[in-house]
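Please treat every number below as a calculation from the coordinates, not as lab data. A quick note: this is a predicted structure, and the numbers were derived from the prediction, not measured. Here Cβ is always computed from backbone atoms with ideal geometry, including for glycine, and neighbour counts include all displayed protein chains.
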Amino acid sequence: MARVTAQQFITEVDAVLELLQEELAGRKAGVPGEGSVSELQAIIKEFKGLRREARWPLLRQNTRRRLVSSYLVDDTWDLQAELAKRVMHITQLYCHLR
């Protein structure tokens, strides 16, 4: 995977955050789907933090670490679900920020 700029990363994160917020609203309304309320809230919180980090290159954490969101999705979600693919894509992009 090619390196991505901070702006490219932020654009991708924003798109997935919107989907996660919609999914969270659905889950709170009792609509079944991928992820529990607590899982979705944890992923949203983590992605908002990654978005902030992307703006400050010197503050970025070690990109070799595995993100909480990738553990949650990998362990409990259907990996073929579109939202799962989008979340995992963000975790991969994070490792390729320049």
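Just to confirm the number: angle between the C-alpha axis of helix 37-55 and the first principal axis of the chain, 0 to 90 degrees, nearest 10? Between helix and principal axis, roughly 20 degrees.
In the chain, the calculated helix contribution to ellipticity at 222 nm averages -21500 deg cm²/dmol per residue, counting -39,500 (n - 2.57) for every DSSP H run with n ≥ 4. For the peptides 40-47, 29-36, 7-14, residues were scored by their other Cβ atoms within 10 Å and the scores averaged per peptide; the highest-first order is 40-47, 7-14, 29-36.
For VAL4, the amide hydrogen comes within under 5 Å of the amide hydrogens of LEU97, ARG98, counting only partners 5 or more places away or on other chains and with H modelled in the peptide plane. When peptides 81-90, 19-28 are ranked by their average number of other Cβ atoms within 10 Å per residue, the highest-first order is 81-90, 19-28. Over all other residues within a Cβ to Cβ distance under 13 Å of LEU19, the charged ones net out to -4, with Lys and Arg as +1 and Asp and Glu as -1.
Straight-line cross-link reach from LYS28 at under 19 Å between alpha-carbon atoms covers these lysines, not counting any fewer than eight positions away in the same chain: LYS45. Relative to the longest principal axis of the Cα atoms of the chain, the long axis of helix 82-94 lies at roughly 20 degrees.
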